[in-house]
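Participant: Got a structure for you, questions after.
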Amino acid sequence: MTDTVTDDITIRRATADDIAGIVAMLADDELGAARENPADQGPYRAAFAVIDADPQQCLVVAARDGELIGTAQLTYIAGLARQGGTRAQIEAVRISEAARGSGLGSQLIAWCVDRAREHGCLLVQLTSDVSRLDAHRFYEKLGFEATHIGFKLILR
């Protein structure tokens with residue numbers, strides 16, 4: 001599952017060798033800096049093993065000249081609602097600082113939407129922290145609608 005999006009950008013399934021680069025992107029903003037701990041790779045390696053073994057999960061990276069510049073996780077969720085339809089959930093979309101503003105975010109989301117269509121999903125959904133107003137405008141520009149209010153219960 002490797003796609004060349006442009007002449008110099010490739011989107012492919014992440015490997016264990018990509019974990020440090022993915023975590024660095026997750027930690028590279030105000031919210032991520034408070035949540036992530038790149039110094040301790042153990043929990044990320046354990047989570048990667050679970051994600052990688054699950055056929056309903058697709059953790060991908062975007063690379064240019066061998067350098068990771070983007071990531072996203074796509075999860076297929078079967079359900080009884082919507083007449084037994086499957087939905088795709090896009091999570092943890094990050095673009096490296098060097099690639100922000102290049103159009104890669106749009107390409108990465110389009111790639112995820114295309115995979116969801118191929119998988120037969122009825123809809124694609126995502127969440128975004130309420131403080132990420134730029135991200136909200138970005139997703140709306142791509143055709144996503146803010147149709148629901150999300151709730152979380154932090155357990156640890």
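Participant: Taking into account only those residues within the range 31-65 that are charged (D, E, K, R) and touching a residue at least 24 places away in the same chain (Cβ under 8 Å), which is surrounded by the most Cβ atoms within 10 Å (Cβ to Cβ)? Show your work before the answer.
Facilitator: Filtering the range 31-65 down to residues charged (D, E, K, R) leaves 35-36, 40, 45, 52, 54, 64-65.
So of that shortlist, the ones also touching a residue at least 24 places away in the same chain (Cβ under 8 Å) come out as 45, 52, 64-65.
Working: R45: 13, D52: 15, R64: 19, D65: 8.
Taking the candidates together, the pick is R64.
Participant: Then there's this: Could you check how many residues of the range 91-109 are among the aliphatic types (A, V, I, L, M) and surrounded by fewer than 13 Cβ atoms within 10 Å (Cβ to Cβ)?
Facilitator: Just the residues of the range 91-109 that are among the aliphatic types (A, V, I, L, M), to begin with: 92-93, 95, 98-99, 104, 108-109.
Then keep just the ones that are surrounded by fewer than 13 Cβ atoms within 10 Å (Cβ to Cβ); that gives 98.
Residues that pass the stated criteria total 1.
Participant: Looking at D114, D129, can you tell me which residue is within 18 Å of G70 (Cβ to Cβ) and surrounded by 10 or more Cβ atoms within 10 Å (Cβ to Cβ)?
Facilitator: Values: D129 fails: within 18 Å of G70 (Cβ to Cβ).
That would be D114, the only listed residue that is within 18 Å of G70 (Cβ to Cβ) and surrounded by 10 or more Cβ atoms within 10 Å (Cβ to Cβ).
Participant: Quick check on F144: is it part of a loop (DSSP other than H, G, I, E, B), surrounded by 11 or more Cβ atoms within 10 Å (Cβ to Cβ) and on the phi < 0 side of the Ramachandran plot?
Facilitator: Numbers: part of a loop (DSSP other than H, G, I, E, B): yes; surrounded by 11 or more Cβ atoms within 10 Å (Cβ to Cβ): yes; on the phi < 0 side of the Ramachandran plot: yes.
For F144, the condition - part of a loop (DSSP other than H, G, I, E, B), surrounded by 11 or more Cβ atoms within 10 Å (Cβ to Cβ) and on the phi < 0 side of the Ramachandran plot - is met.
Participant: From the list I154, I69, exactly one residue is in contact (Cβ under 8 Å) with a residue 24 or more places away in the chain and either surrounded by 14 or more Cβ atoms within 10 Å (Cβ to Cβ) or closer than 20 Å to E30 by Cα (or both). Which is it? Talk me through it step by step, then tell me what you get.
Facilitator: Details: I154 fails: in contact (Cβ under 8 Å) with a residue 24 or more places away in the chain.
None of the other options fit; the residue is I69.
Participant: So how many residues does the range 77-90 have that are out of contact with any Lys or Arg (no Cβ under 8 Å at 6 or more places or on another chain) and surrounded by 12 or more Cβ atoms within 10 Å (Cβ to Cβ)?
Facilitator: Restricting attention to the range 77-90, the residues satisfying the condition of being out of contact with any Lys or Arg (no Cβ under 8 Å at 6 or more places or on another chain) are 78, 80-87, 89-90.
Those left that are additionally surrounded by 12 or more Cβ atoms within 10 Å (Cβ to Cβ): 85-87, 89-90.
Number of matching residues: 5.
Throughout, read-outs are computed from the coordinates displayed, never taken from laboratory work. From a predicted model like this one, the values you see are computed outputs, not experimental measurements. Positions of Cβ are backbone-derived with ideal geometry, glycine not excepted, and every protein chain shown enters the neighbour counts.
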